[in-house]
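Read through the structure below, which is laid out as structure tokens, and then see the notes.
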Amino acid sequence: MTPTERFARARALLLDCRDDYERARREFRWPEFETFNWARDWFDVFARGNRAPALVLAPDEGPAEATSFAELAERSSRVAAGLASLGVARGDRVLLLLPNVLPLWELTLAAMKLGAVVVPASVQLTRADIEDRLARGGVRHAVTVAAYAPRFDGLALSSRVLVGDAGASAPPAGWAPYERLLNHGAGGAPAAATSPDDPLLLYFTSGTTAKPKLVPHTHRSYPVGHLSTMYWLGLREGDVHQNLSSPGWAKHAWSCLFAPFNAGATVFVHDYARFRAARTLELLRERGVVTFCAPPTVWRMLIVGELGPKPPALRELCSAGEPLNPEVMEQVHRAWGLTVRDGYGQTETTALVGNPPGLPVKPGSMGRPLPGYDVVLLDGAGREADEGEVALRLDPRPAGLTGGYLDDAERSARLFGGAHYPTGDEARRDAEGYFYFVGRGDDVFKSSDYRLSPFELESVLVEHPLVAEAAVVPSPDPLRLSVPKAFLALAPGAEPGPELAREVFAFARERLAPYQRVRRLEFVELPKTISGKIRRVELREREREARARGDRSPNEYWEDDLREPG
């Protein structure tokens with residue numbers, strides 16, 4: 001059986017079991033290969049003569065442009081030949097600092113075909129970030145657009161490629177125009193017979209708690225591993241799929257490349273400079289989006305306004321990146337009659353746990369283990385339990401898991417060399433096997449000897465109509481060790497002040513157990529990583545330092561100070 005046939009058989013089983021979770025879990029096995037190159041062995045084969053749109057790009061202004069599967073396969077082969085002419089060889093690392101433009105997909109496929117390694121990068125990276133990635137990532141080649149080219153001035157690279165309009169002025173000295181690669185000639189570069197374990201991608205994690213780690217993925221771990229993500233999203237061949245995620249982050253590869261192209265779905269991308277909820281809702285209707293995935297931050301922004309009637313083609317709604325609050329799910333369901341299905345994974349993995357279409361959704365649950373993954377919870381002693389750290393059994397080893405961190409052999413041996421891979425996230429499991437997110441191990445804290453989950457408290461706080469987002473951290477307290485403090489971002493038009501603080505305290509008090517009571521709050525603009533995740537580690541440190549100094553912010557309120565007399 002050829003590599004294409006092995007992959008297609010595994011894919012077909014999951015598509016056939018789309019509404020039968022138990023059968024998918026029971027029968028699915030990761031395909032095994034001696035050689036495998038997803039771009040050549042799957043994408044090019046599926047694309048042969050296929051005029052269906054693979055990618056539709058809609059800029060903020062101007063008409064959308066569609067590229068068929070056949071066109072994308074042929075163009076990426078020409079780009080592969082162009083990269084080879086610049087000296088890009090098998091194993092070379094190529095940094096892509098690009099917005100949502102067609103060359104991002106063409107270059108990614110082209111690099112795969114050459115056996116080169118793609119280093120995805122966010123356009124928000126600073127000069128220092130880029131230097132770090134070039135040095136620690138061993139990057140030899142870079143591709144970007146004119147606006148970001150100055151960030152590379154003076155940096156040592158073997159080749160530089162500038163993406164831009166064909167009719168624009170010549171690129172700066174030292175930069176090759178992308179059109180030269182694209183016009184290199186038909187036929188493409190020589191085929192690279194890659195091993196499934198050859199490196200394909202190198203991610204720098206978003207760094208919510210520490211300096212970004214280097215997470216490599218192979219020709220098996222992400223292309224094949226994202227069969228689980230395809231299953232969770234509920235994709236079908238011919239669907240129009242939209243995922244709101246910025247280039248450079250793992251979720252962009254999850255849902256703008258591998259999962260939809262594994263299914264044979266069309267990827268629709270709105271390339272916007274600034275997110276506007278109203279425009280996103282318009283495009284869901286205009287473009288006939290069938291499956292839609294967005295992070296919790298976007299879902300919260302969408303429900304602040306008027307959702308309006310359900311876009312007619314919509315069938316599946318998903319969320320990932322951080323846990324989705326039940327209140328958000330309820331509001332969307334009231335408006336559209338569809339349930340937002342949560343999913344869970346990491347840069348180190350593909351989708352691990354989720355609510356696929358064939359599984360009843362329990363509010364607040366991130367679902368059950370997805371096909372191909374054996375997920376357990378480990379207590380402090382490393383024993384399996386109903387509450388503890390989310391971990392993967394490594395016998396058999398799941399296809400979608402990285403082999404370890406490129407820059408930390410000791411940490412890799414500790415996390416990936418035993419019987420389980422511990423994710424660092426904590427959860428609980430009910431009697432039916434559904435998992436409920438508790439928090440990052442670093443985020444969970446004790447107050448008066450009670451163990452508190454920030455996520456549970458935050459889910460209550462965001463139910464208040466004037467609270468857009470919330471982050472709860474421990475605030476040092478001489479009596480209780482620590483008490484919960486909420487940092488709150490308000491909805492548009494809401495004014496911070498003692499009256500609103502009193503109202504929020506009362507709102508939370510009615511809905512939380514006494515030991516969970518939020519006793520301090522502060523109205524702020526929440527600090528976030530460039531991938532949009534709240535930096536609770538920064539808030540924890542800020543609060544620790546403030547309490548040590550005895551400082552109080554002008555927008556900070558303590559419940560004891562606002563109690564009504566008597």
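The values are calculated or read from the model by the stated rules, or taken from the named source; none is laboratory data. These figures come from a predicted structure and were not determined experimentally. All Cβ positions, even for glycine, are placed from backbone atoms using ideal geometry, and neighbour counts span all protein chains on display. Calculation scope for accessible area: heavy atoms of the full protein, side chains included, ligands and nucleic acids excluded. Shrake-Rupley method; radii C 1.70, N 1.55, O 1.52, S 1.80 Å.
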### Answer residue from segment 362-384, given it is open to solvent by 10 Å² or more (accessible area, probe 1.4 Å), modelled with pLDDT of 95 or more and assigned to a loop (DSSP other than H, G, I, E, B) and is farthest from L202 (Cα to Cα) among those
D374
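Can you give me the ranges of the strands (runs of 3 or more DSSP E) entirely in segment 52-118 with at least 2 residues that are under 21 Å from the mean Cα position of the chain (by Cα)?
53-59, 93-97
Within 14 Å of the chain's Cα centre (by Cα) and of a type in the set (V, I, T): is that true of T266 in this structure? Please lay out each step first, then the result.
Values: within 14 Å of the chain's Cα centre (by Cα): no; of a type in the set (V, I, T): yes.
The answer is no for T266.
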### Task
Tell me, yes or no, whether segment 329-343 has at least one residue that is open to solvent by less than 20 Å² (accessible area, probe 1.4 Å), among the small types (G, A, S) and closer than 19 Å to F455 by Cβ.
yes
## Note on the structure
Matching residues in segment 11-27 (closer than 19 Å to P260 by Cβ and touching a helix residue (DSSP H, G or I) at 6+ places or on another chain (Cβ under 8 Å)) number 7
### Query
Considering only residues of segment 549-562 that are assigned to a helix (DSSP H, G or I) and either in contact with a helix residue (DSSP H, G or I) (Cβ under 6 Å, 6 or more places away or on another chain) or at pLDDT 90 or above (or both), which is least open to solvent (accessible area, probe 1.4 Å)?
E559
### Task
Would you mind finding the one in F437, F455 that is at pLDDT below 90, among the hydrophobic types (A, V, I, L, M, F, W, C) and in a strand (DSSP E or B)?
F437
### Summary
Given the conditions (1) touching an Asp or Glu at 6+ places or on another chain (Cβ under 7 Å); (2) at pLDDT 95 or above, every one holds for L15 apart from (1)
### Task
Answer with yes or no whether A278 is aliphatic (A, V, I, L, M), surrounded by fewer than 24 Cβ atoms within 10 Å (Cβ to Cβ) and assigned to a loop (DSSP other than H, G, I, E, B).
no
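Return yes when S412 is at pLDDT 90 or above, part of a helix (DSSP H, G or I) and of a type in the set (S, T, N, Q) and no when it is not. Working first, answer last.
Working: at pLDDT 90 or above: yes; part of a helix (DSSP H, G or I): yes; of a type in the set (S, T, N, Q): yes.
Yes.
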### Query
Residues of segment 22-65 being touching a strand residue (DSSP E or B) at 6+ places or on another chain (Cβ under 9 Å) and without any contact (Cβ under 8 Å) to a residue 60 or more places away in the chain, which ones?
A47, N50, R51, E65
### Query
Consider K528 against the criteria (1) under 30 Å from S122 (Cβ atoms); (2) surrounded by fewer than 21 Cβ atoms within 10 Å (Cβ to Cβ); (3) in contact (Cβ under 8 Å) with a residue 12 or more places away in the chain: it satisfies all of them except one. Which criterion is unmet?
(3)
#### Entry: Filtered residue count, segment 320-342, keeping only those that are closer than 15 Å to W232 by Cβ and either modelled with pLDDT of 95 or more or of a type in the set (D, E) (or both)
4
### Filtered residue count, segment 34-50, keeping only those that are open to solvent by 50 Å² or more (accessible area, probe 1.4 Å) and in a helix (DSSP H, G or I)
2
